[in-house]
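Here's the structure we're looking at; comments come further down.
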């Protein structure tokens, strides 16, 4: 029987990917680094530390990036553009569905905790989630399964008692490695073919379509 829903944040619960990409580009340019947007978009779903590692191979000058200054510029941009981040269609319905059916809720995200908390506070949703696991809480970000395994431990549920909701290939891989049935929404940067290749348990246009599916399958005994 289903006991918990573990949901990704950026691109899944909230429409924030453009703002996040812009924040990274802004911070890099403020520090004198010219990185094209296309070099960042396909890496969304990874932690910035992992994104940076992949960028260094093409831009070795980034080895000298002052992370403290970068994070300060990035934080400022995100705070100034917080109003541009929106909840994805179906987010509130899915949250209410979980609460109405006594399902535990977790956020599992490659973003930082401070940023996530600010967005949740903005939407008055911080107290909705039973646990929030971010890149700050694990050594290995997605596609490593650590973030999902930690969420399961915090919730006190088994992988077969849970489902994950993801928008990126990195998140889907991480959930599958943790042995958690995973449903994908096409609100991220990966196209349907890329998602299909990973064989998630289901693919939906957005959270609202997924919510309707859950609503009609209240007790999911076989995932």
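Nothing in this text is a laboratory measurement; each read-out follows from the coordinates by a stated rule. Keep in mind it's a predicted model, so treat the numbers as computed, not measured. As a convention, Cβ positions derive from the backbone with ideal geometry for all residues, glycine included, and neighbour counts pool all protein chains shown.
Computed quantities for the displayed model
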| quantity | calculated |
| --- | --- |
| Two-decimal log10 I(q)/I(0) for the stretch 17-83, as the Debye equation yields it once each C-alpha is a single scatterer, q = 0.16, 0.26 Å⁻¹ | -0.48, -1.34 |
| Nearest 10 degrees, 0 to 90: helix 67-80 Cα axis against the chain principal axis | 60 degrees |
| Radius ratio Rg over Rh of the stretch 2-154, counting only Cα atoms, Kirkwood formula for Rh | 0.99 |
| Normalised convex hull volume, the stretch 106-223, alpha-carbon set, Å³ per residue | 110 Å³ |
| Ascending count of other beta-carbon atoms within 10 Å, so fewest first, for 41, 182, 119 | 41, 119, 182 |
| Average Cα contact separation per residue, the stretch 68-223, under 8 Å, 6 or more apart, as relative contact order % | 20 percent |
| The stretch 1-127 - share of DSSP beta bridges that are antiparallel (%, nearest 5) | 25 percent |
| Most mobile of 124, 206, 81 in a GNM of the chain (Cα contacts under 10 Å) | 124 |
| Share, in percent, of DSSP beta bridges within the chain that are antiparallel, nearest 5 | 10 percent |
